[in-house]
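One structure below.
The values are calculated or read from the model by the stated rules, or taken from the named source; none is laboratory data. What you see is a predicted model; the values in this text were computed from it and never measured. So basically every Cβ, Gly included, is an ideal-geometry build from the backbone, and we count neighbours across all protein chains shown. Only protein heavy atoms, including side chains, enter the accessible area calculation; ligands, DNA and RNA are left aside. Shrake-Rupley method; radii C 1.70, N 1.55, O 1.52, S 1.80 Å.
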Amino acid sequence: MKQRKIVLESGRSFVGEAFGADRDALCELVFNTSMAGYQEILSDPSYCDQAVVMTYPLIGNYGMCDDDYETERPAIGALIVRHYNDHPSNFRAAESLGQAMERFGIPGVSGVDTRALTRLIRSQGSQKALITDADTPLEDCLARLAGPLPSDAVSRVSRPYVTVYPAREPRFHVAAVDCGMKRNIVRSLNRLGCTVTVLPWDTAAAQIEALRPDGVFISNGPGDPQDVPQTVQTVRALLGKYPIFGICLGHQILSLAYGARTYKLKFGHRGGNHSVRDLDTGKIEITSQNHSYAVNAGSLRGTPLTVTHVNLLDGTVEGVRCERDGAFSVQYHPESAPGPQDSAYLFDRFLADMERRRHAETY
């Protein structure tokens, strides 16, 4: 079995066995605590340029299913696991995880101490890592690690064209700005009777208004929200004109559009077990999360936004709303895929906002 290593900025290396694509990758090293859903994680565009360490030890045992991809072309940088299973047992499996990663050009490393890697990330924070052959000289690795990671992730994962996903029994028309949108968001809206027109990340506000939508959705996606000022400007121009719903990166973009600020977390939130309190009801939701950045709570003062949800692990802002404009957003993933479905009610809230707008225009 070919050996492959993970080299950190400090020069520390972890050597394991190679699987997936045979290529190098310069990535941001992060970890995910989900116990299942590696296919959805692998195909989530929000993981663009990231090497994901899976804390659950056994990965690959149920293979890859054609219907479970969250994007047509995964953009994840690499996958790092403790035990890789190359012989899946699942009647739905079309291929193994390693075969899919090879097909999409994604390198993997197995047999490394993922517990040690995760503890390192928690103590030192997310950092650059090079996935390369075990015999690559350390000097060459450190030279490559000295370079910056790209900041154009959203433009690379967003679709470059307009796509319409009709609902079987359409009730509303939603214009969705694709910053790296997962397929299950479209499925969730379609199931509720929303025809979804998916638009590129840099679509201008005038183009969205020309569609005459009932509501506007801002999707999840990778990277720093301040790297997409065009999208922030578009959302700012639409405030108060339509109900707006943002998820993950879309939450940060909406907050920036209202004048708030964002910052990078030490190691981010990634997993399907993050507890969040709804401040309106007091209920606690177990949520699916995947992000490196958060909204600065203090920067919300002076904006029309109010905090609606908070993270019970570290107190970070998990949701905001502007009652005046019918705009709201959450930092987590109510569409799950993978993860719990405690927060699916948020799509119903978006529909209720669109219904109120329609009723107000009628009368």
Do any strands (runs of 3 or more DSSP E) lying entirely in segment 121-180 carry at least 2 residues that are open to solvent by 20 Å² or more (accessible area, probe 1.4 Å), and which ones are they? 127-133, 163-165
For segment 108-120, what are the residues that are exposed (fewer than 14 other Cβ atoms within 10 Å of the Cβ) and in contact (Cβ under 8 Å) with a residue 40 or more places away in the chain? D113, R115, A116
Note on segment 206-242: residues in contact (Cβ under 8 Å) with a residue 60 or more places away in the chain, open to solvent by 10 Å² or more (accessible area, probe 1.4 Å) and closer than 16 Å to E323 by Cα are L239, G240, Y242
Enumeration of residues in segment 279-298 that are without any contact (Cβ under 8 Å) to a residue 40 or more places away in the chain and within 23 Å of the chain's Cα centre (by Cα): I284, N296, A297
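Results for (1) β-branched (V, I, T); (2) within 26 Å of K128 (Cβ to Cβ); (3) outside any helix (DSSP H, G or I), shown as yes or no for each residue.
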{"site": "Q252", "(1), (2), (3)": "no, yes, no"}
{"site": "L265", "(1), (2), (3)": "no, yes, yes"}
{"site": "I286", "(1), (2), (3)": "yes, no, yes"}
{"site": "S336", "(1), (2), (3)": "no, no, yes"}
{"site": "G339", "(1), (2), (3)": "no, no, yes"}
Among the residues of segment 79-104, the number that are in contact with a Leu (Cβ under 9 Å, 6 or more places away or on another chain) and either over 26 Å from L117 (Cα atoms) or surrounded by 15 or more Cβ atoms within 10 Å (Cβ to Cβ) (or both) is 11
So which of L265, L279 is open to solvent by 30 Å² or more (accessible area, probe 1.4 Å), out of contact with any helix residue (DSSP H, G or I) (no Cβ under 9 Å at 6 or more places or on another chain) and of a type outside the set (D, E)? L279
